[in-house]
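First, the structure itself, so that you have it in front of you.
The values are calculated or read from the model by the stated rules, or taken from the named source; none is laboratory data. Everything numeric here is computed off the predicted structure, so don't read it as measured data. Because the Cβ atoms are built from the backbone with ideal geometry, glycine has one as well, and the counts that use them run over all protein chains shown.
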Amino acid sequence: MTSLDSSAKWISSTTQGDEKTQAPAPYFRKEFWLDRPTVKATLRITALGLYQAQINGQKVGDLALAPGWTDYSTRVPLQSYDITSLLKPGKNVIGGVLGDGWYCGHVGWGKRQGYGAKPELLADVDIGFSDGSSARIVTDGSWKTTTGPILENDLLMGESHDARAELVGWSVEDYDDSAWTPVEPSPARSIILDTIDYPGVRQTAEIKPAPLGDHRYDMQQNFSGRIRIRVTAPRDTTLTFRYAEILNPDGSLYTENLRGARATDTYICKGGGEETWEPGFTFHGFRYVEVAGLPADARIEMTGIVLHSDTPPAGEFACSNPLLNQLQHNITWGQRSNFLEVPTDCPQRDERLGWTGDAQVFIRTAAFNMDVRRFFHKWVQDIRDAQNPSGGVPEVIPAVKFYGNEDGGPAWSDATIICPWTIYLCYGDTDILADHYESMQRYLDFISTQAAIGLIRAHPDSTVYRGYGDWLALDGSGIREGATPKDLIGTAFLAYDASLMARIAGVLGKTADVQKYSVLHSEVVKAFQHRYVTPEGLIASATQTAYVLALHFDLVPAEVRATTARELVRDIKQREYHIATGFVGTPYILDVLTREGYLDVAYRLLEQETFPSWLFPVKNGATTIWERWDGWTPDRGFQDKGMNSFNHYAYGAVGDWMYRHVAGLDLDESDPGYRHIVFQPRPGGSITWANARLQTPQGPTGISWKIANGSLEAELTVPENARGTFVAPPGFQQPDSTVFGPGTHRLKVVPE
């Protein structure tokens, strides 16, 4: 059977915290007897909160932070494990420990119990015997509960563990549970138990830190995860671990940017020899660790445990510029750090929410670095669960009841359409389009009617929230939203959404909708031109982002495109080849410059090393992408501590341009999923060689090229069930053969 037995009940402990106070983690236990040989046994389990399961003293599965984060009022993952080898004849024990997690712990800006008051457990064990009979062990009132060594646990605040109170052998048969109390059955809930195998969070690496002295350690990489310690210290020794991404000038931990997140773990030693501990219900975003309370004669060994969703590595990129290689390193570690259950904004401070804008600007880059297909299937389902009756979509997904608007705003809620489309392009996945088509329709109807005035995307009530603008742009506006008008951004994305919906309808064979959305797109383009484009091709507000959106989304008449592009370049040159875009314009600016014939300007921006630029953080020791161009500068020091993450992947969206243009590995949107691979390197700047490798749905592909004696030598790999086309860079002659079948192909192109 694949479904949970109907007799299984949600159970909990009577112990619970409140809106400010955490409670000890509850332990649960159930004994059962097997008198016949077992041939198959499956544990199906979930929790409101987090769970760790054990059978006869053995941990079940390798997931961390299971079952994950969803809108718990709508659905929760139900996970299955084959436990046949863990059972034995005679008495058996199933046990579980629950953590607060996202369900009742702190989520976003220090608020607790956003979904419920305390964690709950739901499980059954389906046992098949050799004689063909079966049995079920389910969570019900016969289970027992107690508390133990985990005094506190919280994703933002940290975990406290008192080893003196450990329940030794609590999940084995001869344990005395006479002091345990009956569980508290919970009311029945109409929650979807989702059996789809979404990628859970797992440990993916271990890091050995370098000691800095004064009981401080440098992991030499900013990441998401926790630590494992091996310590020998006297009984009652209390060790306190604090975490930070970066150091103050005096070498102390810079923790001001954590805001309300305490990000502190505590371990009380039991003594008597070496002890090993790793917190189970928390994670931190950090590079540096500081230990307090360690006696002079004590010994400690520390390991960093890297955690993120199980999204296997897919792509590799390298080139002749070592700073760009470090930038690629930072992009991938920013993704690893923030693709943890949902695409979060940052892993360190009291936020860690699934911001839609960050996800949609980065998704194409993400799909190169890792296999994110299943990850985004899950998250797009979260979007659908959060969608309002009006069709509007909040700006953070999963939605949390204490934060979020009906409309997340331009470039944020548009993830509803952009993300499924991108997954379709990268994986040839029509299921994600078909599954969410009705949701995308309702969203487009909302932003073109209720959230628009005459197809200008601006709410009829000017006092109503209209989005985040070009978030964190450095265009001289002096405000976080930047100087690009929000209605301009909104109308540009409305046009883009309509064009995508016409294409999606075509993929799904919905002919009438193709016409409907094509007409809508045409009407929005006319409205945009009437309101924001002068007859000469100048764009309202004249910001880099305004010009980028107008050009990238084809919103200016063909006869004035050249003027529009020149104005963008003029602004860049006036800024001495520095970028001024925020979250909205940054992903597209290099593509626009390349398309309009300014490849040299694109490379000047990409390889710019002074502030503001992609390489400025690299030159200053960054190991991940910063949230702000000016997160730290030599003259100002740290930016506003209220919002200054050093692990925030959005600006890493530039990776997509590097893979497609520097390396030259691209897909054909008319034949998605890399069935037709376009090899189109664009040498420029200081780059003399580059390569990219990618595991596609068709198999491994790649390109490697170098400039040698003025010629370009390339090696192309085309997987089975695919074909490749080579397009020579400007200034080089097309080779005699440009279309390639499966296999490895070498070619040499000479200057024109």
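Buried (at least 23 other Cβ atoms within 10 Å of the Cβ), hydrophobic (A, V, I, L, M, F, W, C), within 24 Å of the chain's Cα centre (by Cα) and more than 26 Å from A708 (Cβ to Cβ): which single residue out of F616, F583 fits that description?
Numbers: F616 fails: buried (at least 23 other Cβ atoms within 10 Å of the Cβ).
Step by step, each of F616, F583 is checked, and only F583 is buried (at least 23 other Cβ atoms within 10 Å of the Cβ), hydrophobic (A, V, I, L, M, F, W, C), within 24 Å of the chain's Cα centre (by Cα) and more than 26 Å from A708 (Cβ to Cβ).
A follow-up question, please. Residue by residue through region 539-578, note down the ones that are touching a residue at least 60 places away in the same chain (Cβ under 8 Å) and buried (at least 23 other Cβ atoms within 10 Å of the Cβ).
T543, Q544, T545, A546, L549, L555
While we're here: Could you figure out which of (1) in a loop (DSSP other than H, G, I, E, B); (2) within 30 Å of D382 (Cα to Cα) isn't true of E152?
Failed condition: (1).
Follow-up. Filter region 721-732 down to the residues that are assigned to a loop (DSSP other than H, G, I, E, B) and either at pLDDT 95 or above or closer than 15 Å to Q695 by Cα (or both) and list them by number.
Narrowing region 721-732 to residues assigned to a loop (DSSP other than H, G, I, E, B): 721-722, 727-731.
Answer for region 721-732, where residues must be assigned to a loop (DSSP other than H, G, I, E, B) and either at pLDDT 95 or above or closer than 15 Å to Q695 by Cα (or both): N721, A722, V727, A728, P729.
Also, I was wondering about something else. Which one is farthest from A540 (Cα to Cα), of the residues in region 554-568 that are touching a strand residue (DSSP E or B) at 6+ places or on another chain (Cβ under 9 Å) and part of a loop (DSSP other than H, G, I, E, B)?
Checking each candidate, the answer is P557.
Still on this structure, I have one more. If we scan region 710-727, do we find a residue that is surrounded by 17 or more Cβ atoms within 10 Å (Cβ to Cβ) and under 25 Å from I589 (Cα atoms)?
Yes, region 710-727 contains at least one residue that is surrounded by 17 or more Cβ atoms within 10 Å (Cβ to Cβ) and under 25 Å from I589 (Cα atoms).
Going by the conditions given, is P700 out of contact with any Cys (no Cβ under 9 Å at 6 or more places or on another chain), more than 30 Å from T356 (Cβ to Cβ) and not in a strand (DSSP E or B)?
On the way: out of contact with any Cys (no Cβ under 9 Å at 6 or more places or on another chain): yes; more than 30 Å from T356 (Cβ to Cβ): yes; not in a strand (DSSP E or B): no.
Judged against the criteria, P700 is not a match.
If the requirement is being part of a loop (DSSP other than H, G, I, E, B), touching a residue at least 40 places away in the same chain (Cβ under 8 Å), of a type in the set (V, I, T) and under 25 Å from L551 (Cα atoms), which of these qualifies: T491, T422, T484?
Values: T491 fails: part of a loop (DSSP other than H, G, I, E, B); T422 fails: part of a loop (DSSP other than H, G, I, E, B).
Among T491, T422, T484, only T484 is part of a loop (DSSP other than H, G, I, E, B), touching a residue at least 40 places away in the same chain (Cβ under 8 Å), of a type in the set (V, I, T) and under 25 Å from L551 (Cα atoms).
Counting only residues that are of a type in the set (A, V, I, L, M, F, W, C) and touching a strand residue (DSSP E or B) at 6+ places or on another chain (Cβ under 7 Å), how many does region 373-396 have?
Within region 373-396, the subset of a type in the set (A, V, I, L, M, F, W, C) is 375-376, 379-380, 383, 386, 393, 396.
Narrowing the set further to residues that are touching a strand residue (DSSP E or B) at 6+ places or on another chain (Cβ under 7 Å) leaves 375, 379, 396.
Residues in region 373-396 being of a type in the set (A, V, I, L, M, F, W, C) and touching a strand residue (DSSP E or B) at 6+ places or on another chain (Cβ under 7 Å): 3 in total.
Please specify each residue of region 627-642 satisfying the condition of being touching a residue at least 24 places away in the same chain (Cβ under 8 Å), assigned to a loop (DSSP other than H, G, I, E, B) and farther than 18 Å from Y243 by Cβ.
R628, W629, D630, G642
Further question: Starting from region 273-300, keep only residues that are within 25 Å of L63 (Cα to Cα) and without any contact (Cβ under 8 Å) to a residue 40 or more places away in the chain, then list their pairs with residues that are outside any loop (DSSP other than H, G, I, E, B) and among the hydroxyl-bearing types (S, T, Y) whose Cβ atoms are within a distance under 8 Å, requiring at least 6 positions of separation or different chains.
That search, which allows pairs on different chains as well, returns nothing.
Do any strands (runs of 3 or more DSSP E) lying entirely in region 274-363 carry at least 2 residues that are out of contact with any Cys (no Cβ under 7 Å at 6 or more places or on another chain) and among the small types (G, A, S), and which ones are they? Steps first, answer last, please.
Working: elements: 275-277, 284-292, 299-309, 315-319.
Strands (runs of 3 or more DSSP E) meeting the threshold: 299-309, 315-319.
Condition check ((1) surrounded by 22 or more Cβ atoms within 10 Å (Cβ to Cβ); (2) at pLDDT below 95) across all residues:
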| residue | (1), (2) |
| --- | --- |
| S6 | no, yes |
| I11 | yes, no |
| D35 | no, yes |
| Q54 | no, no |
| K59 | no, no |
| G68 | yes, no |
| L87 | no, no |
| K91 | no, no |
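Step by step: first the residues of region 186-230, then only those that are part of a strand (DSSP E or B) and basic (K, R), then the one that is nearest to the chain's Cα centre (by Cα). Which residue is that? Before you say what the answer is, go through the steps one by one.
If we filter region 186-230 for residues that are part of a strand (DSSP E or B), which is where we start, we get 192-194, 201-207, 210-213, 216-230.
Subset that is basic (K, R): 202, 216, 226, 228, 230.
Details: R202: 14, R216: 29, R226: 18, R228: 24, R230: 31 Å.
The qualifying residue nearest to the chain's Cα centre (by Cα) is R202.
Taking E301 as the residue in question, decide whether it is at negative phi and touching a Leu at 6+ places or on another chain (Cβ under 7 Å).
So E301 fails the test.
Identify all residues within region 155-180 that are buried (at least 20 other Cβ atoms within 10 Å of the Cβ) and either in a loop (DSSP other than H, G, I, E, B) or acidic (D, E) (or both); write none if there are none.
The answer is L155, L156, M157, E159, W170, S171.
Right, here's the next one. For residues that are part of a strand (DSSP E or B) and under 36 Å from the mean Cα position of the chain (by Cα), scanning just region 708-720, find the one that is farthest from G315 (Cα to Cα). Show your work before the answer.
Keep residues of region 708-720 that are part of a strand (DSSP E or B), which gives 708, 711-718.
Those still in the list that are under 36 Å from the mean Cα position of the chain (by Cα) too: 714-718.
Details: A714: 18, E715: 17, L716: 15, T717: 14, V718: 15 Å.
Of everything passing the filter in region 708-720, A714 is farthest from G315 (Cα to Cα).
Yes/no matrix, rows are residues, columns are (1) surrounded by 20 or more Cβ atoms within 10 Å (Cβ to Cβ); (2) out of contact with any Asp or Glu (no Cβ under 6 Å at 6 or more places or on another chain); (3) of a type in the set (D, E):
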| residue | (1), (2), (3) |
| --- | --- |
| T624 | yes, yes, no |
| R636 | no, yes, no |
| S645 | yes, no, no |
| D656 | yes, yes, yes |
